[in-house]
1. Give the stretch 106-127 a look and list any residue that's under 19 Å from T244 (Cα atoms), more than 10 Å from the ligand (Cβ to nearest atom) and not in a helix (DSSP H, G or I), or say none.
2. Identify all residues within the stretch 138-153 that are crowded, with 17+ Cβ neighbours inside 10 Å and within 13 Å of the ligand (Cβ to nearest atom); write none if there are none.
3. Mind checking which strands (runs of 3 or more DSSP E) fall wholly inside the stretch 165-212 and carry at least 2 residues that are modelled with pLDDT of 95 or more and surrounded by 18 or more Cβ atoms within 10 Å (Cβ to Cβ)?
4. When the stretch 68-88 is examined, which residues are found to be more than 17 Å from L186 (Cβ to Cβ) and hydroxyl-bearing (S, T, Y)?
5. Which pairs turn up if I take residues in the stretch 192-211 that are more than 10 Å from the ligand (Cβ to nearest atom) and look for partners that are open to solvent by less than 10 Å² (accessible area, probe 1.4 Å) and of a type in the set (D, E) with beta carbon separation below 7 Å, at least 6 apart in sequence or on another chain?
6. Across the stretch 97-118, what is the total count of residues that are among the aliphatic types (A, V, I, L, M), open to solvent by less than 10 Å² (accessible area, probe 1.4 Å) and out of contact with any Cys (no Cβ under 7 Å at 6 or more places or on another chain)?
7. Among the residues of the stretch 1-23, write down those that are open to solvent by 60 Å² or more (accessible area, probe 1.4 Å), under 14 Å from E90 (Cα atoms) and more than 21 Å from the chain's Cα centre (by Cα).
8. List every residue pair whose Cβ atoms sit under 6 Å apart, with the two residues 6 or more apart in sequence or on different chains, where the first one lies in the stretch 214-228 and is closer than 22 Å to P95 by Cβ and the second, anywhere, is part of a helix (DSSP H, G or I).
Amino acid sequence: MSHLNPVLQKDWKNNGYLKIPTFFSAAEVNDLQGWASEISGWESTPDKWMHHYESTPDGARLSRSENFVPYHTGMKDTVTGGKVLDVVSELMEEPAVLYKEKINYKYPGGGGYTAHQDAPAYEFVNYHITCLISVDSATPESGCLYFASGRHQEGFIALDEKGCVAPETALTMEWVAVPTDPGDILLFGSYIPHKSPTNRSNQPRRIIYLTYNANSQGDWREQYYADKRQAFSQYATDGSNRDTQISKIAHFQGKVINHA
Ligand SMILES: O=C(O)CCC(=O)C(=O)O
């Protein structure tokens, strides 16, 4: 069964992103919300999932968890098969495989993300598609995503020393806010510039991000996390200040206090 029609296909080609409202039912949203809460409660471990914490006006809060799929059956079934894999494979025009996964929590006061493309942070393969699942509602106030619509076919755009779109170029772009409700999905390729503001609401804005590459390019997930772990252990001691990041690019604007 196709999840796309000609209008959605056209949106994808023209804009570089695509929102599909109510992709998940109310019961599925309930599961996803419960799973995000469960994962956020997992104790830190040196070699399994990864948690990143930031300082907010309410104290230390999780900003991100990643590498949780191998340790959570419900998530694993939802993201490595079924309709998510189907719709991503349809857009990829060939079978897709999971490259990485994360939850960005963005609790009240949680930091936003400066304008960037994902491709500079996603090594080993040169094209990815991310499926964002809105766990909570995301609005301009709570920190939804903004896209530079149609700017996905220009390769890297004005990459600066942080691996982001240079601020003076970002200022010239037209940004479209894309709010989402729980159960909506938002698909976007790794070259579309995007950004998001701080959460100025009093509710969390949890979003699950599932990133895929074409299966024909290989399964890089384990390598991605091994490399990230190695890079972050180096940042912790090399005096580069890069342990204030939560990615290999310096797009996160919150105040990182801990990786665990
Ligand atoms: O969750 C957000 O607000 C944006 C996240 C993002 O763009 C990223 O993690 O690369």
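The values are calculated or read from the model by the stated rules, or taken from the named source; none is laboratory data. This structure is a prediction, so every number in the text was calculated from the model and none was measured. Backbone-built Cβ (ideal geometry, glycine too); neighbour counts: all protein chains shown. Ligands, DNA and RNA are stripped out before the accessible areas are found, and what is left, the full protein with its side chains, is counted by its heavy atoms. Shrake-Rupley method; radii C 1.70, N 1.55, O 1.52, S 1.80 Å.
1. Across the stretch 106-127, the qualifying residues are Y107, G109.
2. Filtering the stretch 138-153 down to residues crowded, with 17+ Cβ neighbours inside 10 Å leaves 138-139, 142-149, 151-152.
Those that are crowded, with 17+ Cβ neighbours inside 10 Å and within 13 Å of the ligand (Cβ to nearest atom): A138, T139, S142, G143, C144, L145, Y146, F147, A148.
3. Numbers: elements: 176-178, 185-189, 194-196.
Qualifying strands (runs of 3 or more DSSP E): 185-189, 194-196.
4. Restricting attention to the stretch 68-88, the residues satisfying the condition of being more than 17 Å from L186 (Cβ to Cβ) are 68-77, 80-82.
Hits for the stretch 68-88 are Y71, T73, T80.
5. Every condition considered, the pairs that remain are L210/E101.
6. In the first step, residues of the stretch 97-118 are kept if they are among the aliphatic types (A, V, I, L, M); the result is 97-98, 103, 115.
Imposing the further condition that a residue be open to solvent by less than 10 Å² (accessible area, probe 1.4 Å) reduces the set to 103, 115.
Applying the additional criterion that residues be out of contact with any Cys (no Cβ under 7 Å at 6 or more places or on another chain) yields 103.
Residues that pass the stated criteria total 1.
7. Listed by number, the residues that qualify are M1, S2, N5, P6, Q9, K10.
8. Hits for this filter: A214/M92.
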